[in-house]
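Dropping a structure here in C-alpha cells format, bear with me for questions.
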Amino acid sequence: MDGRVVVIDDSRSLREYTLEVLDRAGFQVFEASNGQTGLESVKKNEPDVVLLDIIMPGMSGMDVLKQLRKDKVLVSILLFTAQSSVSRRVEGLKAGADDYIVKPFQDEELIARVGSAARRTALEKNLVKLVDARTRDFVKKERQAVFGRMVQGIIHNINNPLMAVSGFAEIITIKLLKFIKFSEGRIDEDGTALLKDIMKNMEKVSSAADMTKSIVNALLDKSRDESIEYKREIDLNELIKREVEFLKADRGLKHTIKIDLDLNPSIMKISGIYTDFSQVTANLMKNAVDAMRNSPKKELGISTKHDSENIYILVKDTGEGVSPANLKRIFDPFFTTKACRDKKKNEETGGTGLGLYTSKLLLKSYHADISAKSYGTGSLFTISIPKTNVFTQRG
C-alpha cells in the first residue's frame, strides 16, 4: 500500500509494533514519542495519516489534534483509544478526528483503516490541487478580460481625438494645396517657400497620425485576443504584421533595423490560441533584434511559406550568429546566449533563458516545432506548423 504515516504515542512498545505492521504492509512510517515532536514530524514529513494516542504526558493527543486542525493540515487523523473510553472517542471525533482504532487491535483492521484514511487524504489533496489549478486559471482569464476591457476603453478615448487630428490635417493639407494654386504668381518666393514648408510639416503630421492609428489598432486587436484565451481562426500573415508594428513602436529599439516582410498570401489560416503564436513570433523577433545590436548590418527578414505538410514562419537576422555548441542547447531552459553590459554596475547581465524554451512548449500542443540554423553572420529560426492545424468551420 502507498501512504506516509506518523505514529504519535508515548508507549515505545506500541509504536514499534505499529511501525512493524504498517511497514510490512508497504507504508512509509515515522514515529514520535510525544505531542511536540509529533507536530514537528508531521510538519517535516507531510504524512497522509496520523495515528494519535489521546492520553500522553505533557502535550496530550487532544491538544495535538486541535493544533493540526487549527493549522489546517491536510491529513487524516486516527485516534488510538481504549474500549471503555466512548466519551473520549466522541470528543475526539467532534474535535476533528476522522476515525479511531480501539486497543488492542488486529493487524488486518489497522492496515485496513490506515489504508482507507490514506486514500481519503490522497483524494482530498488531488481535489485541492484541481481546485487551485481551476482557480488560478479563472483568475488569470479574469485578469486578462479586465485588462482587455481597460485597454479597449483607453484606446477608444485615444481614437476620437486621433481621428480629429488626422481629419483636420487632411483638411488643412487640401486647403493649403488650393491656396498655393490660387496664389501662384501673387506672392513672393519667400512666401511660396513658407507655404511649401508648412505643407511638408502637415504631411508629417498626417503620416505620424496614420502610424499612431496603426499602432493603436494593433494594440486593440491584441487586447481583444488576449482578453479571453480560446481557439480561433488565425491569419498568420496578419499576426506577423501586428507584431512588427509593436516591434517598431518599441522605444528600447535604439538602433535602426531594416525589416523585410515576405509573406506568402496563399498560406492557409490555422486554428489555435492567438496569444500562443503571437508570443512565439514576438520572442523570435526580439531575439533577432538583440542579436544585431553590435552588428554593422542590421536586417530582419520575416517570411511565410508552406509545402504539402507544413506551414512555415521564418525569422532571419544578420546578427552575431550562434556557435555550433550553443545551437545544441539553445532550446534548453535557462540557457541564454544574450549578454549586455550594465553601465552602472559594469558587469555582464543576460536574459532569463526561458524565451525559446517557452516558445517550444507553447508549440508542442500543436505538434509544431522550432529549428535554428546559424551562418556565422546571422541566424535563421523556422517555426514548422503541421497542416493538421489548418482552420475548418469546426475549428
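Can you name the residue in the stretch 78-111 that is more than 25 Å from D2 (Cα to Cα) and surrounded by 17 or more Cβ atoms within 10 Å (Cβ to Cβ) and is also modelled with the highest pLDDT among such residues?
That would be G92.
What number of residues within the stretch 102-122 satisfy the criterion of being more than 39 Å from the chain's Cα centre (by Cα) and without any contact (Cβ under 8 Å) to a residue 40 or more places away in the chain? Talk me through it step by step, then tell me what you get.
Within the stretch 102-122, the first condition is being more than 39 Å from the chain's Cα centre (by Cα), and the residues that meet it are 102-114.
Now restrict to residues that are without any contact (Cβ under 8 Å) to a residue 40 or more places away in the chain: 102, 104-106, 108-109, 112-113.
Total meeting the criteria: 8.
Here's a follow-up. For the stretch 215-236, indicate whether the set of residues that are under 18 Å from I311 (Cβ atoms) and modelled with pLDDT under 90 is non-empty.
yes
Which of the residues belonging to the stretch 351-389 are hydroxyl-bearing (S, T, Y) and out of contact with any strand residue (DSSP E or B) (no Cβ under 8 Å at 6 or more places or on another chain)?
Quick first cut of the stretch 351-389, residues hydroxyl-bearing (S, T, Y) only: 352, 357-359, 365-366, 371, 374-375, 377, 379, 382, 384, 388.
T352, Y357, T358, S365, Y375, T377, T388, listed by residue number.
The values are calculated or read from the model by the stated rules, or taken from the named source; none is laboratory data. Note that the structure is a prediction, hence the values are computed from the model and not measured. Using ideal geometry, Cβ is built from the backbone for each residue, glycine included, and neighbour counts are taken over all protein chains shown.
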